[in-house]
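Some notes on the structure that comes next.
The values are calculated or read from the model by the stated rules, or taken from the named source; none is laboratory data. In this text, all values refer to a predicted model and were calculated from it rather than measured experimentally. Note that we place each Cβ from the backbone using ideal geometry, even for glycine, and neighbour counts take in every protein chain shown.
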Amino acid sequence: MDAVGQPENVDRHEDGTAPGADPAGGDAVPAKQEDPAQRWGGPAQSGVRVGDRDRDAVANRLQEAFAEGRLNDDEFDQRMRAALTAQVGADLEVLTQDLPATTGVTPRQTPQAAGSRKPGRLAIAYKGGIRRGGRWLVPERFSAVVYKGSGHIDLRAAELTAPVTTLVAVAYKSRIDVLVPLGVRVELDGFGVSKAWSAEEELESRLPADAPAVHIRGIGYKGTIEVSTKPQVSGGSGHLPLPG
């Protein structure tokens with residue numbers, strides 16, 4: 001031990017400071033963690049080709065921004081499509097350049113990350129409505145039953161607690177709208193279930209093998225269950241220009 005009680009064999013930098021210490025004499029400075037959605041800040045990296053993990057990191061940041069109200073439906077839809085088809089870093093950089101740094105909360109959570117919170121598994125509406133949206137916890141299996149009413153189930157910014165999520169929807173003389181995020185595989189089964197998708201939904205064929213999946217099992221008796229990636233609007237393309 002030296003005169004001030006410090007071990008004599010501590011490795012030090014050339015300027016005499018200990019590892020992790022501030023050379024100016026302050027407390028240790030923690031290493032700054034990189035935001036994966038902002039890693040292409042310089043021109044030297046903007047032309048580097050990206051992979052599935054890079055696209056997914058930006059897609060997660062966009063979902064987070066959508067849940068925070070920073071992006072509207074059209075902006076979120078267009079940017080997600082652009083993120084899933086990005087080829088180089090510059091393609092991804094433009095999608096998040098007007099967003100603040102990530103808060104560290106990702107829309108998709110594993111069961112372990114979800115902790116002890118237990119999501120509700122059933123929603124029933126009798127001559128009324130069901131509405132789920134924003135940052136809500138989705139169980140591995142969720143059921144919605146609507147009798148002479150309406151349902152709105154928005155999964156775009158939800159926390160999916162399992163790699164495969166099953167949604168059972170029953171609409172009796174009712175309409176249930178299900179909004180699914182781009183970046184997940186969607187399978188439909190049952191009757192009275194339709195998908196309001198365009199040819200652009202071929203993006204699903206480009207998803208990685210480990211992409212999350214949503215299975216929708218529906219029964220529409222004198223009703224309908226409509227599945228789409230964004231709310232339906234009348235007229236217009238619904239696409240807004242990218243920031244730049």
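Okay, here's what the table says:
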{"quantity": "Complete set of residues in the range 75-128 that are modelled with pLDDT of 90 or more, outside any loop (DSSP other than H, G, I, E, B) and exposed (fewer than 12 other Cβ atoms within 10 Å of the Cβ)", "calculated": "122, 126"}
{"quantity": "Scope the range 155-176; condition of a type outside the set (Phe, Trp, Tyr) and surrounded by fewer than 20 Cβ atoms within 10 Å (Cβ to Cβ); matching residues", "calculated": "162, 163, 164, 166, 168, 173, 175"}
{"quantity": "Yes/no for residue 139 being at pLDDT below 90 and within 25 Å of residue 165 (Cα to Cα)", "calculated": "no"}
{"quantity": "Strands (runs of 3 or more DSSP E) contained in the range 154-220 and holding at least 3 residues modelled with pLDDT of 85 or more and within 26 Å of residue 68 (Cβ to Cβ)", "calculated": "175-179"}
{"quantity": "Near pairs, Cβ below 6 angstrom, 6+ apart or cross-chain, from the range 122-133 (without any contact (Cβ under 8 Å) to a residue 24 or more places away in the chain) to any residue that is surrounded by 13 or more Cβ atoms within 10 Å (Cβ to Cβ) and not in a strand (DSSP E or B)", "calculated": "127/148; 127/149; 128/149; 129/149"}
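Table: residues versus (1) touching a Ser or Thr at 6+ places or on another chain (Cβ under 7 Å); (2) of a type in the set (D, E, K, R).
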residue	(1), (2)
124	no, no
133	no, no
136	no, no
141	yes, yes
145	no, no
150	yes, no
214	yes, no
